[in-house]
Amino acid sequence: MDDPRFLALSAGLAILILASVRKALHNSKLDAIPIVGSTGFLTSFWDGYKFFANAPDLIQAGYTQYPEGIFRVARFSYWLVVVSHPKFVKEVGGAPEHVLSFHEGVEDGLPVKEVVGRPIIENPYHQHTIRTSLTRNLHARFPDVRDEIACAFEEVLQLDESEWKSLPALHTVMAVVARVSNRLFVGLPLCRNQTYLWNNVQFALDVIRSGQKVALFPNFLRPLVGPFISGKDKSFAVALQTLGPLVAERLAKEKELGPDWPGKPNDLISWLLEDAQDEERTVPALVLRVLSTNFAAIHTSSMAFTQALFDLTTHPQHLLPMREEAEHVVANEGWTKAALNSMVKIDSFLRESQRLNGNGAVSMIRKVVSNDGFRFSDGTVLPKGSFVCAAARAIHYDASNYKNPAEFDGFRFARERAEHAATHDLTQDVFKRQMISTAGDFLPFGTGKHACPGRFFAATELKAMLAHVVINYDLKAEVEGVRPPDNIFGLGISPNPSAKVRFRKRTDL
Ligand code: HEM
Ligand SMILES: *[C@@H]1O[C@H](CO)[C@@H](O)[C@H](O)[C@H]1NC(C)=O
């Protein structure tokens with residue numbers, strides 16, 4: 001550390017970074033957009049730092065000041081433009097990739113190219129596979145998903161007869177979600193292999209941790225520091241070891257018997273193979289796609305379900321109505337994917353939980369990549385290179401979008417759907433208030449061209465999990481009436497990672 005060359009190098013780097021920050025923040029083309037927070041060079045740099053602790057408050061302040069429009073806040077080395085009005089959100093969601101880039105937007109917060117792999121960004125074909133084949137097969141594969149939910153809860157909760165047991169909510173939920181998702185992705189028996197499962201969880205944590213570090217560096221330095229910081233190699237090696245043989249077997253079968261060999265499993269590996277071209281048809285390339293799908297699926301779904309458990313235990317009056325609904329539907333229709341459509345209260349509850357506890361202060365971060373910039377309908381122009389996003393949380397908490405917006409009202413969407421159905425109001429599509437439907441004022445899955453392609457699976461999985469939980473268990477909060485505080489880091493908001501929830505087997509059966 002005392003090495004003068006090291007000190008000189010550090011000083012040089014600091015100057016380079018400051019210079020690039022200064023250049024980026026003094027982008028006069030953004031002058032027309034009001035600034036929220038401080039405006040001076042050093043203070044805005046300071047705001048960039050503070051951002052890690054108070055981003056949601058800052059975005060809320062901007063939203064309150066400019067509810068109809070567009071404002072900007074300082075990040076480290078650039079301005080983040082935030083849009084408030086659902087109308088502008090739709091314009092962002094509708095813009096094509098060559099104008100507003102989803103991938104370049106993601107890349108800024110999480111340098112996927114450096115810490116996951118270039119092909120994931122440059123040829124994101126797995127997104128298509130998820131949106132089409134995976135979603136289409138949810139009906140056919142539902143019995144497996146349902147079976148895994150029942151077994152996983154039984155084994156993960158390990159409850160003794162009618163004794164209350166405190167369990168760490170997020171960890172417990174993740175153990176179930178990882179298993180259930182992988183029943184669909186890779187099937188039995190691998191979906192129960194603990195080495196394989198926790199490695200998927202670990203891969204995502206490694207990527208996020210190293211991604212956050214790499215993201216602190218300006219773009220031009222990232223390819224240099226990436227390989228040193230990235231921790232993915234170890235988890236990738238474990239994935240190759242656990243999942244690799246299965247993928248190799250599928251490739252061999254296909255080579256021998258053709259693409260539609262009899263008995264071909266109906267799972268993510270097969271669906272990916274139907275879409276993968278050329279250099280993507282190798283064991284490491286396919287393993288990386290399955291890992292990336294797990295990455296997109298496990299943490300998001302686990303956080304959503306954990307938040308739902310916190311909501312359920314702090315608003316316990318919702319438990320019995322959902323239990324009644326689930327029992328009634330299952331008695332009439334059995335456990336099928338179609339039966340989930342009749343679980344309107346459960347759907348509403350999850351949607352409400354996502355509305356209030358979606359995973360960030362903003363969503364839909366995009367980078368302007370077209371040379372002409374991006375023009376909103378009110379004439380505001382964002383120059384090439386700017387970053388833009390939607391004030392998701394503030395939009396969800398706005399009284400002009402939702403009545404009593406800060407109140408958790410688990411069945412608000414179920415009531416809306418019932419009201420529309422009763423009045424045969426065809427202008428208000430009843431499907432619009434389902435968990436999977438996105439809108440300018442409902443952004444947990446984003447909206448528009450890049451709206452989460454996995455949300456149909458997520459909704460199926462989470463609804464079936466919640467129905468299973470309310471039918472089979474009683475739940476209560478660790479401390480009655482107290483919702484564990486969220487974790488806030490930068491723009492991210494996530495459920496308290498250590499908080500517990502109490503479970504017991506139902507005693508009234
Ligand atoms: C409750 C659970 C989930 C939440 C809250 C969620 C949320 C999101 C959000 C906010 C985006 C970005 C949208 C945008 O910027 O416009 C996204 C993208 C994505 N999600 Fe999900 N997601 C969930 C579950 C899943 C699952 C289960 C899968 C896979 C089966 C998945 C796969 C993806 C993929 C591949 C993308 C990239 C989309 C693209 O580039 O067009 N997600 N998700
Ligand atoms: C899980 O997979 C690993 C690696 O392939 C293997 O060594 C281990 O025996 C498996 N565990 C179980 C319980 O099957």
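The values are calculated or read from the model by the stated rules, or taken from the named source; none is laboratory data. This one's a predicted model, so the numbers in the text were calculated from it and none came from an experiment. Don't worry about glycine lacking a Cβ; one is built from the backbone with ideal geometry, like all the others, and counts go over all protein chains shown. These area figures cover heavy atoms from the full protein model, side chains too; ligands, DNA and RNA do not enter into them. Shrake-Rupley method; radii C 1.70, N 1.55, O 1.52, S 1.80 Å.
Observations, loosely collected:
- Take each peptide in 461-467, 338-344, count the other Cβ atoms within 10 Å of every residue, and average; sorted highest first, the result is 461-467, 338-344.
- Kirkwood-Stokes translational diffusion coefficient of the range 370-416, alpha-carbon pairs, 37 °C, 0.692 mPa s, µm²/s: 241 µm²/s
- With the largest listed first and rounded to whole Å, the semi-axes of the equivalent ellipsoid of the range 46-179 from the Cα gyration tensor are 38, 25, 17.
- The fraction of accessible area contributed by carbon and sulfur in the chain is 57 percent, rounded to a whole number (1.4 Å probe; ligands and nucleic acids excluded).
- At full extension, GLN277 and HIS328 could sit 13.7 nm farther apart than now, given 0.36 nm per residue minus the alpha carbon distance.
- Share of alpha-carbon pairs per 10 Å distance bin for the range 268-314, given as whole %: 24, 34, 20, 15, 6, 0
- Building the convex hull from the alpha-carbon atoms of the range 365-509 and averaging its projection over directions returns 13.0 nm².
- Dipole magnitude of the chain about its Cα centre (Cβ charges: Lys, Arg +1; Asp, Glu -1), debye to nearest 20: 760 debye
- Shown for the range 188-255 is the translational diffusion coefficient from the Stokes-Einstein equation, using the Kirkwood radius over Cα pairs, a temperature of 20 °C and a viscosity of 1.002 mPa s: 157 µm²/s.
- Descending by average beta-carbon neighbour count within 10 Å, the peptides 111-118, 390-397, 474-481 line up as 390-397, 111-118, 474-481, the highest first.
- Counting every C-alpha pair in the range 148-193, the share spaced more than 14 angstrom apart comes to 50%.
- Cα convex hull, the range 114-179: 115 Å³ per residue, rounded to a whole number.
- Two-decimal Rg to Rh for the range 219-278 - Kirkwood Rh, Cα set: 1.18
- Normalised by 2.2 N^0.38 Å, where N counts its residues, the alpha-carbon radius of gyration of the range 422-505 equals 1.44.
- For peptides 414-421, 285-292, sequence by mean Cβ density within 10 Å, most packed first: 285-292, 414-421
- Relative pair counts by distance (%), Cα atoms of the range 63-136, 5 Å bins: 3, 12, 15, 20, 19, 15, 9, 6, 1
- Set of lysines with alpha-carbon distance to LYS29 below 28 Å, sequence-local pairs under 8 removed: LYS50, LYS87, LYS90, LYS367, LYS384, LYS449
- Across the range 133-282, counting alpha-carbon atoms alone, Rg and Dmax equal 18.8, 59 Å.
- Take the Cα of TRP164, step 7 Å toward its Cβ, do the same at ARG118, and the gap between the two points is 5.7 nm.
- Between the range 365-416 and the range 171-242, the C-alpha centres lie 30 angstrom from each other.
- Å³ per residue enclosed by the Cα convex hull of the chain: 176 Å³
- Cα pair count fraction exceeding 23 Å, expressed as % - the range 301-389: 49 percent
- Orientation-averaged projected area, Cα convex hull of the range 330-439 (nm²): 9.8 nm²
- Summed over the residues of the range 392-509 and divided among them, the accessible surface reaches 46 Å² per residue at a probe radius of 1.4 Å.
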